[in-house]
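Below: one structure, written as structure tokens.
Derivation of every value follows stated rules applied to the coordinates shown; laboratory data play no part. Model, not experiment: these values are computed from the prediction. Here Cβ is always computed from backbone atoms with ideal geometry, including for glycine, and neighbour counts include all displayed protein chains.
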Amino acid sequence: MIEHGKCRCKVRLSGSDGFRGLYMDKKVSGTVEMTAAMIISGTIGWFVVVSGQPVLDVVFWRCVFGAATLLAVCAAMGLLRGAITLRLLALAALGGVAIVINWLLLFISYSHASISISTAVYNTQPFMLVGLGAVFFSERLTLNKLTWLAIAFGGMLLIVLAQPGAADGGSNYLAGILMALGAAFFYAVAAIIAKKLAGTPPHLIALVQVCVGMLMLAPFAHLSALPSDIGTWSILVTVGVVHTGLMYILLYGAIQKLPTYLTGSLSFIYPIVAIAVDFLAFGHRLQLSQLAGAAAILIAAAGMNLGWSLWKPKVQMQ
């Protein structure tokens, strides 16, 4: 309502304008959430490295503090009442095994091939998904997908054939790359399993996964030799609460609000942040061939995620 002197005028938004405003609000908030989630993900390598703890212990405590955070969130959202079935538990637990192995392999790869290289190689996930989709769901491999796969494979070759720095042994460098590839594969396995849980609240799936991780790793964690300084505990709590609990909440909130193409676009903030953190915190510079390989993988992954087409469709003559 607008008042001017004694005249009062009512201004109403049409239905389409109202929906457009609501959509824009969701799009803006979703973009902010997705950006924050990707920035948080991009910094996890720094926390893992500076914690000074065995990777197995880092992942265990990530699961412990992540589970506490997600349990509180799921309880507040009322997701624990009647939503858990035996099928959900079985599938989510299987996905949890894959996610935990994914974390272990990725974190170990940091010390062999650097955060930058590991993150770039880890972004071959879309191609792992395409391969698994072709095998288990008979999804068609198009010429466009095969082209992006070939570009990513070329990027992989550039990274593998690069001469690692003096601090990295050749075998360790290759082991780091293989571990990052393994991490990408198990992430794709977890994503395929998650497809079977369509319609299940993602926060609940994440809670089951981290609980499974806690049970998996408890027998192997060094619980008799706990960290004694508050600095290490603060890092472990941050990895669990922020990089797991908060990150999942932001990520799933964004996915529910954003169109697929925008989610895919913003996901590439993660490797960019990780490479920048690796350079700023640890001084790791990518060689020209490594940089070209990483760029090829990320561009190919973007093309796959966003549906970019390299081939013009054939025009049929009438």
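Observations
- 222 nm mean residue ellipticity, helices alone, for the chain (DSSP H n ≥ 4; -39,500 (n - 2.57); rounded to 500): -24500 deg cm²/dmol
- Cβ crowding within 10 Å, taken as a proxy for footprinting-reagent exposure, orders VAL28, VAL49, VAL58 from fewest neighbours to most as VAL28, VAL49, VAL58.
- Over the C-alpha trace of the chain, radius of gyration and Dmax come out as 22.3, 83 angstrom.
- Members of LYS196/LYS257; LYS27/LYS196; LYS26/LYS145 lying beyond 24 Å, as alpha-carbon distances in this model show: LYS27/LYS196; LYS26/LYS145
- Backbone phi angles across the range 128-142, fed through the Karplus curve with coefficients 6.51, -1.76 and 1.60 (θ = phi - 60°), yield HN-Hα couplings of 4, 5, 4, x, 5, x, 5, 6, 9, 10, 6, 6, 6, 8, 7 Hz in residue order; Gly and Pro are listed as x.
- For the range 196-207, 3J(HN,Hα) per residue [Karplus equation, 6.51 cos²θ - 1.76 cosθ + 1.60, θ = phi - 60°, Hz, x = Gly/Pro]: 6, 10, 4, x, 7, x, x, 4, 5, 4, 4, 4
- Note, ³J(HN,Hα) from phi for the range 111-121, Karplus 6.51, -1.76, 1.60, rounded to Hz, x at Gly and Pro: 7, 9, 10, 6, 4, 4, 5, 4, 5, 4, 5
- Highest-first arrangement of 236-244, 276-284, where packing means the average Cβ count within 10 Å: 236-244, 276-284
- Distance in nm between pseudo-label sites at SER29 and SER228 (7 Å out along the Cβ direction from Cα): 4.8 nm
- Ordering 124-137, 68-81 by mean Cβ neighbour count within 10 Å, with the highest value first, yields 124-137, 68-81.
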